[in-house]
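Please treat every number below as a calculation from the coordinates, not as lab data. Since the model is a prediction, treat every value here as computed from it, not as a measurement. In this analysis, Cβ positions are derived from the backbone assuming ideal geometry, glycine residues included, and neighbour counts consider all displayed protein chains.
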Protein chains: 2
Amino acid sequence: MAKLNTWVSVPNNSDFSIYNLPFGIFSLNSDEPRAGIAIGEQIIDLAAVSELGLLDVEATFFRQKTLNEFIALGKKTTNKVRLDIQKLLVIENSPLKNHPEVFVLQKDATMHLPVQVGDYTDFYSSIEHATNVGKMFRDPENALLPNWRHIPVGYHGRASSIVVSGTDIHRPMGQVKTNEMEAPVFQASNRLDFELEMGFVVGKSTQLGERISVENAAEHIFGLVLFNDWSARDIQKWEYVPLGPFLGKSFASSMSPWIVTLEALEPFKVEGPEQEPTVLSYLEVEGEHNYDIQLEVGMASQASEETIISRSNFKYMYWNMMQQLAHHTVNGCNVNVGDVMASGTISGKDESSYGSLLEISWGGKKPFELKDGSMRTFIEDNDTITLKGFAEKEGVRVGFGEVTGTILPSK
Amino acid sequence: MAKLNTWVSVPNNSDFSIYNLPFGIFSLNSDEPRAGIAIGEQIIDLAAVSELGLLDVEATFFRQKTLNEFIALGKKTTNKVRLDIQKLLVIENSPLKNHPEVFVLQKDATMHLPVQVGDYTDFYSSIEHATNVGKMFRDPENALLPNWRHIPVGYHGRASSIVVSGTDIHRPMGQVKTNEMEAPVFQASNRLDFELEMGFVVGKSTQLGERISVENAAEHIFGLVLFNDWSARDIQKWEYVPLGPFLGKSFASSMSPWIVTLEALEPFKVEGPEQEPTVLSYLEVEGEHNYDIQLEVGMASQASEETIISRSNFKYMYWNMMQQLAHHTVNGCNVNVGDVMASGTISGKDESSYGSLLEISWGGKKPFELKDGSMRTFIEDNDTITLKGFAEKEGVRVGFGEVTGTILPSK
């Protein structure tokens, strides 16, 4: 990678290096939300930069509550904005040096959901996660269902309840029936879980009836976020046959505020796991389509510091994003700018890399300890879950920041 | 019901009587789409009526591509608009008599999707349909799954691919694996089906964490439409375990263009089937919450007139809309104006009232005849499916018009 030096102060190990420059929506005090780019501990106010005449995109596209209209301008335009900002942050005689008002401290800003999500799809693309779940809930000898290696299995999720990092979530109420009960009861979930996922944001719409090929899929992916698909396992277990997860998921999903572009992640591409048996031709794809992104999950009680309870990696995904998008549209289903497609829980091979408490506590059978000495199987009230992720190679770091959320008692 | 006489010519048996006055979005020639109310064979241009100073709502709310902003004004306002129009169409000295320009012939107009659908949920609330499917796919002796009588089972559908009546649909391609095949193949669906459903449009948003009680649910329902949840049974069968229907449904769903308000349907309320065992308290509801709406399905080949292949009724629903909405939000899931919640296939007890070809042809085993003498089990290319529905009582008719769609060959 060409070495870039910025005149802006960026802390060592910042996720938001000069190589990253992710897009988000922020507000200051009671201002209207608007678009920005993160650099180090600051945010660049894109509308303000545009008003200085330094960008090809009019400020009105940045003075918006979401990035949808900006993203819809297309990659040629959005990539140029990112590269123009990069240049402005690198060149010695940058006009931005005379305009401190375009910089906002991240700690002073409120972050918002970066896109209006039209449709949200959740995949199930980690073979380790699908195998673990299959072992627990079905047959340990035939943990993977027959379709799993042929289809990037996914389902439609609830878009309305996607919230930005930092939003508190009330423990959901719902119907629960354990094997011991004669009839279901209505109660607060007591098997509340997180799911360590990444999601991609669709950057280019299609018409109904149009297919996206694996080769063209990257053109339709604007960028990625961290995604926590909160799950109430007890509600889910009773409701999910035969039509899939519903209220066990729809009370909330949390996403990180900064969308890291696919272009910023280009240096971190790696080959994915071998797919055996061979997939159908519309899913066949050559080359590197996985991404080496280190992930970790922190859990903190109200009393304790965070305990790292999992370290995983996005590169483990059996099905890659190009295959997910090709599959999703192979029937002619249309996608829109701002749609979010999440990976499904990203588990690795060993116990220290499992992406959910269901797996970490093996269905509640293996309690584990937090730093304050308290034990956990699932999430208790006032616990906070924080997902972090970054890619790093040859001293270059491109990260996602975090997606965090605290579970409050049920209402 | 108080007898109303309008000075507008309305054909006998029109679905769009003076008692109905449903809302929709129409355009003429290359005009921008805008809001209207149907009466007989005409449409009243609401923006034009507003500009005459005859409505409390500004024309800007009607000069919109969808009804979302109008609906979000709230029932007090939207009901008053409907009643004001009703009065203008009834009174002798109506100012509209001097303004023929506010009337547009339906046959000259193009109808559009009436709302932007944020989230779409599909329920599974007909006990006859769920039992038929269970008999075919699972155990005839235990056709209903254990959760079915406790939960209004539902799942998230794809909002982006909801289209307005009259939109042609290309037969979807997808992965199919029959029991006889060793491995799945990629092909055009050859078990393409419709589902006779009704959907309701959410009229009042909630915040995340808020619940809607069965008692308050009607406040959140703006009105109803006919809904055809096209289904590719072969794709669905291979993909749906364990996370539910996905590409077997997401290629398209069709809805009728006119939203009939809940208020217009008030005279047609009836009691629903007895629910046994007793439901949990958050689902308990007294009184009349089903609606006596007669439904029929017509099927036509390219060569033939329509054959009526099913007659059903919305009153058969085991779970009513109030229970569906209470259940959907009991975990705190938020709803937005414009969300669509569909009933699931509405089948009656006997074969002539089944709401899908899966049931009518009993999984393809019982071919039936169309008027041109050709036989069908599932939908063939260039076949047209049309759903119609109306309520009628004491000479008053309130109907939905139709939702129609033609299946074109796969692309």
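A few points about this structure:
- Working from label points 7 Å from Cα in the Cα-to-Cβ sense, the residue A:179 to residue A:13 distance is 4.5 nm.
- Proximity of backbone amide H atoms, modeled 1.01 Å from N, is registered between residue B:157 and B:120, B:121, B:122 at under 5 Å, excluding neighbours fewer than 5 places apart on the same chain.
- Rg over Rh for the range A:16-106 works out to 0.92, both radii taken from alpha-carbon positions and Rh defined as the Kirkwood radius.
- Farthest towards the positive end of the charge dipole of the protein assembly as shown, among the residues B:94, A:208, B:373, is the Cα of B:94, using unit charges on the Cβ of Lys, Arg, Asp and Glu.
- The local environment of residue B:375, defined by Cβ-Cβ distances under 13 Å, has a net charge of 0 under the rule Lys, Arg +1 and Asp, Glu -1.
- Residues B:319, A:148, sorted so that the one with the fewest Cβ neighbours within 10 Å comes first: A:148, B:319
- Applying 1/(1 + (r/R0)^6) with R0 = 30 Å to the Cβ-Cβ distance of residue B:94 and residue B:30 gives a FRET efficiency near 0.50.
- Summing Cβ point charges (Lys, Arg +1; Asp, Glu -1) relative to the Cα centre of the protein assembly as shown gives a dipole of roughly 160 debye.
- Residue (of B:330, B:36, B:176) at the positive-pole extreme of the protein assembly as shown, dipole from beta-carbon charges: B:36
- Our coupling estimate for the range B:147-156, obtained by passing each phi through the Karplus curve with A = 6.51, B = -1.76, C = 1.60 and θ = phi - 60°, is 7, 4, 7, 9, 10, x, 4, x, 8, 7 Hz, Gly and Pro reported as x.
- Pairs beyond 31 Å (Cα-Cα), from A:204/B:107; A:411/B:349; A:349/A:371; A:135/A:411; B:3/B:388; A:107/A:365: A:204/B:107; A:411/B:349; A:135/A:411; A:107/A:365
- Convex hull volume per residue in cubic angstrom - Cα atoms of the range B:357-411: 125 Å³
- Gap separating the Cα centres of the range A:309-332 and the range B:142-213, nearest whole Å: 22 Å
- Whole-angstrom gap from the range A:39-105 to the range B:70-137, using each part's C-alpha centre: 44 Å
- Sites residue B:302 and residue A:168, calculated FRET efficiency, Cβ-Cβ separation with R0 60 Å, nearest 0.05: 0.55
- Cross-link partners for residue A:393 among the aspartates and glutamates, with Cα-Cα distance under 20 Å and sequence neighbours closer than 8 places in the same chain left out: A:15, A:263, A:266, A:271, A:288, A:292, A:296, A:402.
- When the alpha-carbon atoms of the protein assembly as shown are used, the pair Rg, Dmax equals 27.2, 83 angstrom.
- Closest approach of any chain A Cβ to the axis that rotates A onto B belongs to A:244, 1, distance given in whole Å.
- Residues A:253, A:301, sorted so that the one with the fewest Cβ neighbours within 10 Å comes first: A:301, A:253
- Under conditions of 20 °C and 1.002 mPa s, the range A:160-301 yields 118 µm² s⁻¹ as its translational diffusion coefficient, taking Rh as the Kirkwood radius over Cα pairs in the Stokes-Einstein equation.
- Dipole of the protein assembly as shown, positive end: most advanced residue of B:341, B:74, B:162 [Cβ charges, Cα centre]: B:74
- Put a plus charge on the Cβ of each Lys and Arg, a minus charge on the Cβ of each Asp and Glu, and nothing anywhere else: the dipole of the range B:47-168 about its Cα centre is then about 200 debye.
- Highest mobility in the GNM of chain A, judged by mean-square fluctuation with C-alpha springs under 10 Å and restricted to A:251, A:222, A:368, is found for A:368.
- For the range B:116-132, Karplus couplings with θ = phi - 60° (6.51, -1.76, 1.60), whole Hz, Gly/Pro x: 7, 8, x, 10, 10, 10, 10, 8, 8, 9, 9, 5, 5, 5, 4, 5, 4
- Cα-based equivalent ellipsoid of the range A:298-371: semi-axis lengths in Å, sorted from largest, via gyration tensor: 33, 15, 11
- Dipole magnitude of chain B, debye to nearest 20 (Cβ charges: Lys/Arg +1, Asp/Glu -1, about Cα centre): 300 debye
- Residue order, fewest to most beta carbons within 10 Å, for A:229, A:383, A:56: A:56, A:383, A:229
- Shape box of the range B:120-408 [Cα atoms, principal axes, largest first, Å]: 48, 46, 36
- Once both labels are positioned 7 Å from their Cα atoms along Cα-to-Cβ, the gap between residue A:107 and residue B:4 label points is 6.3 nm.
- Across the range A:236-249, rounded Karplus estimates of 3J(HN,Hα) from the backbone phi angles (6.51 cos²θ - 1.76 cosθ + 1.60, θ = phi - 60°) give 4, 4, 7, 9, 7, 9, x, 9, x, x, 9, 6, x, 10 Hz, Gly and Pro being marked x.
- Value of relative contact order over the range B:120-408, rounded to a whole percent, pairs C-alpha under 8 Å and six or more apart: 27 percent
- Amide H to amide H, with H built 1.01 Å from N, residue A:307 comes under 5 Å of A:299, A:300, A:371, counting only residues 5 or more places away or on other chains.
- Mean residue ellipticity, 222 nm, helices only, chain B: the sum of -39500 (n - 2.57) across DSSP H runs of n ≥ 4, divided by residue count and rounded to 500, is -3500 deg cm²/dmol.
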